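Structure first, then comments.
The values are calculated or read from the model by the stated rules, or taken from the named source; none is laboratory data. These numbers come from a predicted model, not from an experiment. Note that each Cβ is placed from the backbone with ideal geometry, even for glycine, and that neighbours are counted across all protein chains shown.
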């Protein structure tokens with residue numbers, strides 16, 4: 001059983017600036033470069049060296065990690081959310097360690113879509129890893145404008161829409177929990193997108209299946225889930241919130257059983273590919289999400305204690321294939337058996 005400590009007080013706790021990356025061992029390099037790579041998969045017409053991607057929001061723009069991690073060993077990188085204009089984010093404190101997880105309220109801080117194209121994307125083009133641009137806004141026009149900016153930029157493989165943002169033009173209810181708003185937003189972006197469109201669903205709904213179907217009907221090429229769960233932490237001694245903005249998003253191994261259930265439900269509800277995430281910290285975790293229907297997985301909170309987590313998880317997944325007698329990772333997808 002892995003130790004799921006995340007931040008302070010855990011065996012994984014070490015300041016990122018002091019992190020010393022492991023050299024890519026020959027085993028990993030051979031797996032990733034072999035012409036018959038057992039982990040290779042194609043989703044939405046995009047070839048992924050392995051099915052383990054770095055998730056949005058926990059891996060920056062990717063390029064910041066190039067001295068710590070061989071970015072070519074990652075299945076893909078989903079960059080932190082991009083908005084129409086730069087956003088400073090929420091007041092501190094922004095992170096709080098929960099039991100077996102983490103609460104964050106960074107506030108979608110980012111440099112803006114134009115600065116990403118001019119300042120971050122050129123460095124990412126040096127690598128062969130697919131780059132997925134996560135996109136958000138507070139009105140449908142914001143999303144559309146960000147995608148317009150990104151459409152002509154070289155080096156982006158797909159878009160992932162963060163629909164957990166409040167729709168400020170229609171009462172502040174998040175796009176991802178309003179069926180009409182989700183349909184209209186997905187259709188509007190799909191109409192102008194020059195690349196595959198992934199819709200990242202919110203888990204903060206009574207049932208995930210209707211929203212998965214709406215995304216599919218409205219033009220999504222794939223869906224990803226789950227985003228973080230709305231949560232709250234307080235200090236009983238001071239009677240104040242642990243997070244500067246009040247509520248935050250819970251992620252990490254604590255949410256994995258719920259995320260796994262929701263991915264299973266969503267995969268059974270749609271025919272388009274599903275990308276699973278939520279507490280993945282090992283190759284076995286990744287395999288479980290694939291078995292219930294995910295074609296790809298994203299790793300987020302685990303990169304806080306080990307920036308190399310996605311590559312490590314991919315290596316463990318390949319080892320697991322040998323142990324359970326499965327030829328290729330794609331053979332796991334949707335292979336759940338009835339007990």
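Within region 69-95, can you find the residues that are under 16 Å from residue 300 (Cβ atoms) and either in a loop (DSSP other than H, G, I, E, B) or more than 16 Å from the chain's Cα centre (by Cα) (or both)?
69, 74, 75, 79, 80, 81, 94, 95
Anything in region 137-155 that is outside any helix (DSSP H, G or I) and surrounded by fewer than 21 Cβ atoms within 10 Å (Cβ to Cβ)? List them, or say none.
138, 139, 152, 153, 154, 155
Tell me which residues, restricted to region 191-204, are crowded, with 19+ Cβ neighbours inside 10 Å and farther than 12 Å from residue 222 by Cβ.
193, 202, 203
Checking the conditions here, which among 325, 248, 283, 293 is closer than 27 Å to residue 64 by Cα and without any contact (Cβ under 8 Å) to a residue 60 or more places away in the chain?
Working: 325 fails: closer than 27 Å to residue 64 by Cα; 248 fails: without any contact (Cβ under 8 Å) to a residue 60 or more places away in the chain; 293 fails: closer than 27 Å to residue 64 by Cα.
One residue alone meets the criteria, 283.
Yes or no, residue by residue, for (1) under 14 Å from residue 102 (Cα atoms); (2) buried (at least 21 other Cβ atoms within 10 Å of the Cβ):
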{"site": "247", "(1), (2)": "yes, no"}
{"site": "266", "(1), (2)": "no, yes"}
{"site": "274", "(1), (2)": "no, yes"}
{"site": "290", "(1), (2)": "no, yes"}
{"site": "294", "(1), (2)": "no, yes"}
{"site": "301", "(1), (2)": "yes, yes"}
{"site": "306", "(1), (2)": "no, no"}
{"site": "309", "(1), (2)": "no, yes"}
{"site": "315", "(1), (2)": "no, yes"}
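Inside region 56-78, can you point out the residues that are under 19 Å from residue 107 (Cα atoms) and touching a helix residue (DSSP H, G or I) at 6+ places or on another chain (Cβ under 8 Å)?
Residues satisfying the conditions are 58, 59, 61, 62.
Among the residues that make up region 156-163, is at least one of them within 19 Å of residue 75 (Cβ to Cβ) and either surrounded by fewer than 15 Cβ atoms within 10 Å (Cβ to Cβ) or modelled with pLDDT under 95 (or both)? Walk me through how you get there before you give the answer.
Keep residues of region 156-163 that are within 19 Å of residue 75 (Cβ to Cβ), which gives 156-160.
In the following step, the residues that additionally are either surrounded by fewer than 15 Cβ atoms within 10 Å (Cβ to Cβ) or modelled with pLDDT under 95 (or both) were identified as none.
The answer is no; no qualifying residue exists.
So which residues in region 179-190 are more than 11 Å from residue 143 (Cα to Cα) and either touching a residue at least 40 places away in the same chain (Cβ under 8 Å) or buried (at least 19 other Cβ atoms within 10 Å of the Cβ) (or both)?
Hits for region 179-190 are 181, 182, 184.
Test of understanding: among 314, 281, 259, which residue is under 16 Å from the mean Cα position of the chain (by Cα) and part of a loop (DSSP other than H, G, I, E, B)?
Working: 314 fails: part of a loop (DSSP other than H, G, I, E, B); 259 fails: part of a loop (DSSP other than H, G, I, E, B).
Every option except 281 fails the conditions.
Among the residues of region 74-92, what is the count of those that are surrounded by fewer than 17 Cβ atoms within 10 Å (Cβ to Cβ) and touching a strand residue (DSSP E or B) at 6+ places or on another chain (Cβ under 9 Å)?
Final tally of qualifying residues: 2.
Examine region 121-135 for a residue that is at pLDDT below 95, within 18 Å of residue 110 (Cβ to Cβ) and not in a helix (DSSP H, G or I), and state whether such a residue exists.
Among the residues of region 121-135, not one is at pLDDT below 95, within 18 Å of residue 110 (Cβ to Cβ) and not in a helix (DSSP H, G or I), which makes the answer no.
Would you be able to tell me the number of residues in region 38-55 that are surrounded by fewer than 19 Cβ atoms within 10 Å (Cβ to Cβ), in a strand (DSSP E or B) and in contact (Cβ under 8 Å) with a residue 24 or more places away in the chain?
2
Within the set of pairs 6 or more residues apart or between chains, which connect a residue that is free of Cβ contacts under 8 Å to residues at least 60 places away in the same chain and on the phi < 0 side of the Ramachandran plot inside region 147-158 to a residue that is in a helix (DSSP H, G or I) and surrounded by fewer than 16 Cβ atoms within 10 Å (Cβ to Cβ) with Cβ atoms less than 7 Å apart?
These pairs meet every condition: 147/192; 148/192.
Could you tell me whether residue 248 is touching a strand residue (DSSP E or B) at 6+ places or on another chain (Cβ under 9 Å) and on the phi > 0 side of the Ramachandran plot?
no
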